[in-house]
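Reviewing the structure listed below.
Derivation of every value follows stated rules applied to the coordinates shown; laboratory data play no part. None of the values given here were measured: they were computed from a predicted structure.
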């Protein structure tokens, strides 16, 4: 997860408005991972972030994404990425093209490219390897742990961005004071 966190930090660096779109079917066990991360983050991130629980029809939420005018859009979804359950990868929409992604109608790479075109934002997909996509509610233990880890990572990133924003504001105010008093 440290490599994933570093990748997210590098990708989000400089982002002014970040939309987090949780995708998945809550009636298909681990497929709900994206929606569960978005739910878990409710009330825990700054206004710099917008959380969208898109469920199985993410294209229905394009207006909410567009209205936010994001600089970055992070789409979180279950995907067969050929690794251990709960492992995650940050992927560009083009790299997702051949992957088996979740259970929604519109392929996620097409949705991601559409979001990019409509908003002009940077778009990445956080793909999480599921263990069980059978009908039923609740995540497997592996994916429940992943939801907790991803939530913690995004909260740390938000806190880090907040410290950087405050430092920039402070530096600007000092420059302004120097101009006035010199």
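Averaging Cα coordinates gives a centre for segment 126-148 and one for segment 35-85; these two points are 16 Å apart. Over segment 17-84, the ratio between the Cα radius of gyration and 2.2 N^0.38 Å evaluates to 1.10.
Multiplying the sequence separation of residue 134 and residue 113 by 0.36 nm and subtracting their Cα-Cα distance, what value in nm do you get?
Numbers: separation 21, 0.36 × 21 = 7.56 nm, distance 2.85 nm.
Residue separation times 0.36 nm, minus the Cα-Cα distance, leaves 4.7 nm.
Want the number for residue 155 to residue 84: 0.36 nm per residue separation, take away the alpha-carbon distance, what's left? Walk me through the numbers before you get to the answer.
Details: separation 71, 0.36 × 71 = 25.56 nm, distance 2.42 nm.
Difference between extended and current length: 23.1 nm.
Remark on segment 2-181: Rg and Dmax equal 17.3, 68 Å (Cα only).
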